[in-house]
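Undergrad: Handing you a structure now.
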Amino acid sequence: MGILEKISEIEKEIARTQKNKATEYHLGLLKAKLAKYRAQLLEPSKSASSKGEGFDVMKSGDARVALIGFPSVGKSTFLSLMTSTASEAASYEFTTLTCIPGVIEYKGANIQLLDLPGIIEGAAQGKGRGRQVIAVARTADVVIMMLDATKGEVQRSLLEKELESVGIRLNKHKPNIYFKPKKGGGISFNSTVTLTQCSEKLVQLILHEYKIFNAEVLFREDCSPDEFIDVIVGNRVYMPCLYVYNKIDQISMEEVDRLARKPNSVVISCGMKLNLDYLLEMLWEYLALTCIYTKKRGQRPDFTDAIILRKGASVEHVCHRIHRSLASQFKVPAPSTAHSGWA
């Protein structure tokens, strides 16, 4: 039995198993096995041809955004509107067959936008060049999931399932679990909160499935078995995602209002160029970029050329962007003790 057949069998067994106290250990083991087989499925092929033409795009600019979605939802039209890159657009499916990069110039930043080929159901198993598409999406800072507003929530749930199965966690934070394998001493299990989804026995069963018999485990929040498996596997990618509903000119105002009020969602129309400015504002916010302006001594600040950094960057990061040697020469003034009220 191949890996795909094993994955299919486990998924069917999980679906038909009732969730209750008596089956939680069985379900935990099934999920651990499923994660192992999916990890094996995603291991790169040794053949040189597996990379695929057009997918090896060098990262450039201040941030990278992956544009994913099903065929014919308007990704290529969106790329052509937002950048100077012309991506072929047509009414038939699979117009884009390779990864096409473009650059969005916004607030002085260069944001690399990648128009990826349309994902189809089963992409995680390699259908429709799905593995290459998803591999590029993992390198992005933000995912824009382009959806057809006329097709309800079907596309969104299918795409989330495909990305979830390959270790991409959208709009989620890394589980607050301390995990460290050891050479001996057995499994040390502790928690600082009351656990309602995991127990010490279930944690041990999952670890044994991964052939781990000595480790330190500390739960700092009430996490599920799936989240604990993510911590063990360690290759999960947690990234923000904007759900962009295109073709709103073809649905009712009530439906537009409903979609616009959903979390992490923006409604647009590429055909009529509606709401694209607001989408750029939201993208800037999700990328968490900030503009730093410099000034020469005795002169006014130069607002024409900004240094683009992530929010939370320090003065040292700014120095490194200007010149590598600047940080070592930078003088930090000693804190004043004359005013006791100052921090």
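Undergrad: Taking only region 178-188 into account, find how many residues are open to solvent by less than 40 Å² (accessible area, probe 1.4 Å) and under 15 Å from ILE232 (Cβ atoms). Give the derivation first.
TA: Taking region 178-188 and keeping what is open to solvent by less than 40 Å² (accessible area, probe 1.4 Å), we get 184, 186-187.
When the remaining residues are screened for being under 15 Å from ILE232 (Cβ atoms), the result is 187.
The total comes to 1.
Undergrad: Sort out which residues of region 161-177 are crowded, with 17+ Cβ neighbours inside 10 Å and assigned to a helix (DSSP H, G or I), and write them in order of number.
TA: Within region 161-177, GLU162, LEU163, SER165 qualify.
Per-residue answers, yes or no, for (1) of a type outside the set (Asp, Glu); (2) over 22 Å from the mean Cα position of the chain (by Cα); (3) modelled with pLDDT under 90; (4) within 23 Å of VAL256 (Cβ to Cβ):
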residue	(1), (2), (3), (4)
MET82	yes, no, yes, yes
TYR92	yes, yes, yes, no
CYS99	yes, no, yes, no
VAL136	yes, no, yes, no
ASP141	no, no, no, no
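Undergrad: Another question about this same structure. How about region 144-159: which of its residues are surrounded by 17 or more Cβ atoms within 10 Å (Cβ to Cβ) and either in contact with a Pro (Cβ under 8 Å, 6 or more places away or on another chain) or charged (D, E, K, R) (or both)?
TA: Just the residues of region 144-159 that are surrounded by 17 or more Cβ atoms within 10 Å (Cβ to Cβ), to begin with: 144-149, 155-156, 159.
Those that are surrounded by 17 or more Cβ atoms within 10 Å (Cβ to Cβ) and either in contact with a Pro (Cβ under 8 Å, 6 or more places away or on another chain) or charged (D, E, K, R) (or both): ASP148, ARG156.
Undergrad: Looking only at residues that are in a loop (DSSP other than H, G, I, E, B) and under 13 Å from PRO181 (Cα atoms) in region 201-225, which one is most open to solvent (accessible area, probe 1.4 Å)?
TA: LYS211
Undergrad: I need the full set of residues from region 264-278 which are under 17 Å from LEU170 (Cβ atoms) and surrounded by 15 or more Cβ atoms within 10 Å (Cβ to Cβ), in order please.
TA: Of everything in region 264-278, those that are under 17 Å from LEU170 (Cβ atoms) and surrounded by 15 or more Cβ atoms within 10 Å (Cβ to Cβ) turn out to be SER265, VAL266.
Undergrad: Outside the structural domain of LYS33 (by TED's automatic domain parsing), more than 24 Å from ARG38 (Cβ to Cβ), at pLDDT below 95 and not basic (Lys, Arg): which single residue out of SER224, SER269 fits that description?
TA: SER269 is the lone residue from the list that is outside the structural domain of LYS33 (by TED's automatic domain parsing), more than 24 Å from ARG38 (Cβ to Cβ), at pLDDT below 95 and not basic (Lys, Arg).
Undergrad: Given the condition out of contact with any Pro (no Cβ under 7 Å at 6 or more places or on another chain), over 25 Å from THR150 (Cβ atoms) and either outside any helix (DSSP H, G or I) or touching a residue at least 60 places away in the same chain (Cβ under 8 Å) (or both), answer yes or no: does some residue in region 267-285 qualify?
TA: The answer is yes; a qualifying residue exists.
Undergrad: Can we say GLY61 is open to solvent by less than 20 Å² (accessible area, probe 1.4 Å), modelled with pLDDT under 85 and part of a loop (DSSP other than H, G, I, E, B)? Step through it out loud before you land on a result.
TA: On the way: open to solvent by less than 20 Å² (accessible area, probe 1.4 Å): no; modelled with pLDDT under 85: yes; part of a loop (DSSP other than H, G, I, E, B): yes.
Considered against the rule, which asks whether it is open to solvent by less than 20 Å² (accessible area, probe 1.4 Å), modelled with pLDDT under 85 and part of a loop (DSSP other than H, G, I, E, B), GLY61 comes out as no.
Undergrad: Consider ALA66 carefully, then state whether it is open to solvent by less than 40 Å² (accessible area, probe 1.4 Å) and at pLDDT 65 or above.
TA: yes
The values are calculated or read from the model by the stated rules, or taken from the named source; none is laboratory data. The structure presented is a predicted model; accordingly, all values stated were derived computationally and were not measured. Because the Cβ atoms are built from the backbone with ideal geometry, glycine has one as well, and the counts that use them run over all protein chains shown. Just so you know, the surface numbers come from the protein's heavy atoms only, side chains and all, with ligands and any DNA or RNA stripped out. Shrake-Rupley method; radii C 1.70, N 1.55, O 1.52, S 1.80 Å.
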